[in-house]
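Step one of this worksheet: look at the structure below.
What follows draws every value from the coordinates through simple rules; no lab data is involved. Here the structure is a predicted model, which means the values were calculated and not measured. Counting neighbours? That spans all protein chains shown, and the Cβs are built from the backbone with ideal geometry, glycine included.
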Amino acid sequence: MTDTVAQQTEGARPGVTLGQLGLGSGRLAAAHAVMNEAEAVALARARWSLDVVAATRLATEKDDTFRLDTSQGERFVVKVAHPDEDDGEVAFEAELMRHVHESGYGVPVPELLPSAGGRLLEPVRDGAGRRRLARTMTFAPGIPLDATGTSAPERERVGEMLARLRHATAGFRHPADDRVCAWDVRHLPALHPLLDDVPDAAQRQTLATGLARYTDVVVPQLPSLRGQVLHNDFSTSNLLVDHDTAEFVTGVIDFGDAVHTAIAVDVATALLNQLPRDAARRPVPDLFAEARDVLRGYLRRTDLTETELALLPHLVMGRVVARALITLHRASLIPGNTTYILRNTAPGWAQLAWFLDRTPDEISTTFL
């Protein structure tokens, strides 16, 4: 990507509320009557004319997603948005996926299938009578990256794929691309009220300390960072891989957190997901030992400025704080989905301790 495409990103928006972030009483806080497998089969048959014989629910945070198996042995995925999801934002995600698929950068995203009516998004009524938007796409091959180990060269392939995705999304714009996303750590200070939802006093104080450091070190520099539309959730659960292929990454899925944000924020999310999950049991001198491989591959295909490299580890810390605050809050509101919501929360306490055991200046030199 050239510097002429990258734009300066705005910093944290003043006055952003939990409701705007989809928290509090907003969209991400809401449970809904889930769609069942029979509904998914009927939907795919009626709207996409697919001869579906079985549907298998896939674990998700807030929508209903199913793997579809057809009588011809083909596989597809149908995703039905949360009833409270904004139509414009769902359209943004769908159009972005199509743009990346057609970009020519070789990013293996699922291909959206037009419905029998020629639409990428189909408005439907679920069994509870609520209007929702549905989309169907090809089933990406491979196994989830969070279900397997990786070698250093494979992690470099992950970084290269993130860079290719950055190039693919660089020129994309949409009226909803500036949505306010809870997982965009530019808005981390707005999550401060969620400290009240942390039941453990020691953990609450740790998160408050991390939040204060982020506010002091990162927030003043956010307006200087380059920005564009980005995936913003390049996590191990959103990457499909195959150890026997040269590319290694065979699928990039879930554009649900895509947004126009800082390039460094996008990279920080990818690095976060390479941190050791057992740092509490097995303390490490370098929390980024494996994440450096991802960054090395990324920088082989694109660039980061010295300012971005200095802020990058602080942004990773900010994502650790955000993950704890958001997941603990949502688990308290939707107890029926706590296993999925909290699946990555516990490892974050030791990761956050690693950051706070070091001075901000020490953290800033991590990648310099």
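Data overview
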| quantity | calculated |
| --- | --- |
| Cut-off 13 Å between beta-carbons: net charge of the residues surrounding Glu160, Lys and Arg +1, Asp and Glu -1 | +3 |
| Distant-in-sequence amide H partners of Thr250 (H built 1.01 Å from N, under 5 Å) | Leu240, Val241, Asp242 |
| Residue-wise HN-Hα coupling along segment 270-280, computed from phi with Karplus coefficients 6.51, -1.76, 1.60 (Hz; x: Gly, Pro) | 5, 6, 3, 6, 10, 6, x, 8, 10, 5, 6 |
| Residue order, fewest to most surrounding Cβ atoms within 10 angstrom, among Ser151, Ser115 | Ser151, Ser115 |
| For the chain: relative contact order, % (alpha-carbon pairs under 8 angstrom, 6 or more apart) | 20 percent |
| Tensor-based shape of segment 33-139 (alpha-carbon gyration tensor, a/c under 1.5 rounded, otherwise prolate or oblate) | oblate |
| The chain: angle of helix 87-101 to the longest principal axis, Cα-based, in degrees nearest 10 | 90 degrees |
| Net dipole in debye of segment 53-98 [+1 Lys, Arg Cβ; -1 Asp, Glu Cβ; about Cα centre; nearest 20] | 420 debye |
| Computed over segment 33-139: relative contact order in percent, which uses C-alpha pairs under 8 Å that are six or more apart | 26 percent |
| For Thr339, Thr65, order by how many other beta-carbon atoms lie within 10 Å, fewest first | Thr339, Thr65 |
| Cα gyration tensor shape of segment 225-291, rounded if a/c is under 1.5, else prolate or oblate by comparing a/b with b/c | oblate |
| Other-chain or far-sequence residues with amide H under 5 Å of Val259's (modelled H) | Leu230 |
| Least to most buried among Asp200, Asp69, Asp178 (fewest other Cβ within 10 Å first) | Asp200, Asp178, Asp69 |
